[in-house]
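To start, the structure under review is shown below, and the notes come after it.
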Amino acid sequence: MPVRRSPPFPSGRRARRLARLGLFAAMLYLALVGLDAFVYRTLPRLDRFSPEHRELLYSYGVYDPATNPLYRPWLHGYVNEPGLPPHRGTADDAYRAYGMFLADAPAVDVSGTDALGWWNARLPGQADVLFLGDSFCYGAGSGTARSIPALYENATGQAVYAACKNGYGLPQYRDILRRLTVEAPPDGPERFRGRTVVVLIYVGNDLAADLFVYRDRLREEGLGPWRHWRLTTLRRLARYLRDAARGSGQALAAAPTPAVDTRGAYPVPLTEPTENGLPFAFHPFYRGFIDTDWFGPAEADDIRRVLADLRDLAEKGSFRLYAVVLPTALQVLYPRIDFAAVPRRSEFARKAADMTRNLNALTARLLVMLDEAGIAGLDMEPRFMDAPDAGRYYWPTDTHLTSRGNAAVARALADALASGENESPTHPAAPATP
């Protein structure tokens, strides 16, 4: 008589095991959802990390920006703490990006912040000219007293208000202009009532990283509670920890070892004098321009919309809007690099021409879009290229302009506005080609 073999597990036992397994998976998932919400909304309030790491966690989208008292929803970004006293900073961000810390790094003096969180001694209602921009606007490489807005005020005698901060981009310039004009009470101290608005546009990140950060924040706000069901916070925390371990991405500052391969981007001597006689360290962010496939129709449309909004706000407020396009150091200094002293096989030697060409192409595209929007523009690249001392316009240790470079911008802007010059970008000077 054949022997019947029983199944490995009775069907009832198998069903119970599967049910328990499903219940465990569901409980684990719900626990992760709760952990995601805790990390995003509660952990930033506990102040468990250093200011440096907290800033990075906000940058990676791990922390809810609304938990930061310096976050402004209308700006989709941050301001400085209002009422800060003056402080001293350094102009060495490029050197620090490669793990080089100078004992005598170039020092800059930054003034205290006003009630709105920007570096000014007056409020917008007391100004004749409003400047909008990022770190190139407040004087990251020169100090507030030698910034472009301050030097412009010295040259013209017009009272200036500078609403600028590192990390700002074109959409934020639009938001600030709206906030200080049509949204501010007509008779209030925050209402700008002058007749000239200058937008400083830095090609290096205003058309790239800052644009994407702003877009990501808008997308984040649309997620709502669903972000936790997707475990968005935990996934971003994992990316932050990965970058910190590798010493890459925004987490570069949290790398376990300070030394970073420069890939030939340091030391880079010029064929003419540099500030303090130092060789250049071209910041790692330039590698993002080896190709510009990331800049497509969507990005171009974003910029067009922002420029149209700026123009409309200018028309509504009856003030003159003027855009100043600031080139990167690589664009200006490429013809002045002593490539004989740069390792031929290094990534920088092989790719610098591509990076420069792509940056010039983006500049040319921006100039055309300014013209299409009907916004007067001043392209500083050809002026810098023709300057005999352009090697000292940028810090070799930093991405920013020196006070000498700022002075060149302020002079050109004052001359253009005084003469009523409208340098239409329709026929811009041809961008420098490597």
Item checked: Residue list for the stretch 299-342, filter: assigned to a helix (DSSP H, G or I) and among the polar types (S, T, N, Q) -> Gln331
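Of the residues Arg242, Arg336, only one is modelled with pLDDT under 95, out of contact with any Phe, Trp or Tyr (no Cβ under 6 Å at 6 or more places or on another chain) and not β-branched (Val, Ile, Thr); which?
Working: Arg336 fails: modelled with pLDDT under 95.
Going through Arg242, Arg336 in turn, the sole match is Arg242.
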Margin query: Looking at the structure I just gave you, is Arg357 touching an Asp or Glu at 6+ places or on another chain (Cβ under 9 Å), at pLDDT 95 or above and among the basic types (Lys, Arg)?
Written below: no
Notebook entry, point to check: How many residues does the stretch 248-302 hold that are on the phi > 0 side of the Ramachandran plot and either in contact with a helix residue (DSSP H, G or I) (Cβ under 8 Å, 6 or more places away or on another chain) or modelled with pLDDT of 95 or more (or both)?
Noted result: 3
Next item on the list: Test Ala155 against the criterion of being among the aliphatic types (A, V, I, L, M), at pLDDT 95 or above, farther than 14 Å from Asn120 by Cβ and surrounded by fewer than 21 Cβ atoms within 10 Å (Cβ to Cβ), and give yes or no.
Entry: yes
Item checked: Subset of the stretch 270-297 that is over 19 Å from the mean Cα position of the chain (by Cα) and part of a helix (DSSP H, G or I) - its residue that is nearest to Val342 (Cα to Cα) -> Gly277
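Can you go through Asp64, Asp134, Asp36, Asp114 and tell me which one is in contact with a Ser or Thr (Cβ under 7 Å, 6 or more places away or on another chain) and surrounded by 14 or more Cβ atoms within 10 Å (Cβ to Cβ)?
Details: Asp64 fails: in contact with a Ser or Thr (Cβ under 7 Å, 6 or more places away or on another chain); Asp134 fails: in contact with a Ser or Thr (Cβ under 7 Å, 6 or more places away or on another chain); Asp114 fails: in contact with a Ser or Thr (Cβ under 7 Å, 6 or more places away or on another chain).
Within the list Asp64, Asp134, Asp36, Asp114, the selection yields Asp36.
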Note to self: Can you tell me how many residues within the stretch 144-164 are part of a helix (DSSP H, G or I) and hydroxyl-bearing (Ser, Thr, Tyr)?
What the structure shows: 3
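So, in the stretch 102-121, of the ones that are among the hydrophobic types (A, V, I, L, M, F, W, C), touching a helix residue (DSSP H, G or I) at 6+ places or on another chain (Cβ under 7 Å) and at pLDDT 95 or above, which residue ends up nearest to Glu190 (Cα to Cα)? I'd like the intermediate steps shown before the answer.
Initial filter on the stretch 102-121 (among the hydrophobic types (A, V, I, L, M, F, W, C)): 102-103, 105, 107-108, 110, 115-116, 118-119, 121.
Those left that are additionally touching a helix residue (DSSP H, G or I) at 6+ places or on another chain (Cβ under 7 Å): 102, 110, 119.
Filter again for at pLDDT 95 or above, leaving 110, 119.
On the way: Val110: 22, Trp119: 14 Å.
Checked the stretch 102-121; the qualifying residue nearest to Glu190 (Cα to Cα) is Trp119.
What residue, of Gly141, Gly167, is surrounded by fewer than 24 Cβ atoms within 10 Å (Cβ to Cβ) and outside any helix (DSSP H, G or I)?
Answer to the selection: Gly167.
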Next item on the list: Read through the list (1) charged (D, E, K, R); (2) under 23 Å from the mean Cα position of the chain (by Cα); (3) at pLDDT below 95; (4) exposed (fewer than 15 other Cβ atoms within 10 Å of the Cβ), then give the number of the only condition that Arg88 fails.
Entry: (3)
Next item on the list: Could you run through the stretch 337-356 and say how many residues are surrounded by 17 or more Cβ atoms within 10 Å (Cβ to Cβ), under 25 Å from Met380 (Cα atoms) and more than 21 Å from the chain's Cα centre (by Cα)?
Entry: 4
Checklist line | Unmet criterion (only one of (1) modelled with pLDDT under 95; (2) within 30 Å of Pro267 (Cα to Cα)) for Leu57 | finding: (2)
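The values are calculated or read from the model by the stated rules, or taken from the named source; none is laboratory data. Since the structure is predicted, the reported quantities are computational estimates derived from the model, not experimental observations. Reconstructed Cβ throughout: ideal geometry from the backbone, glycine too, with neighbour counts over all protein chains shown.
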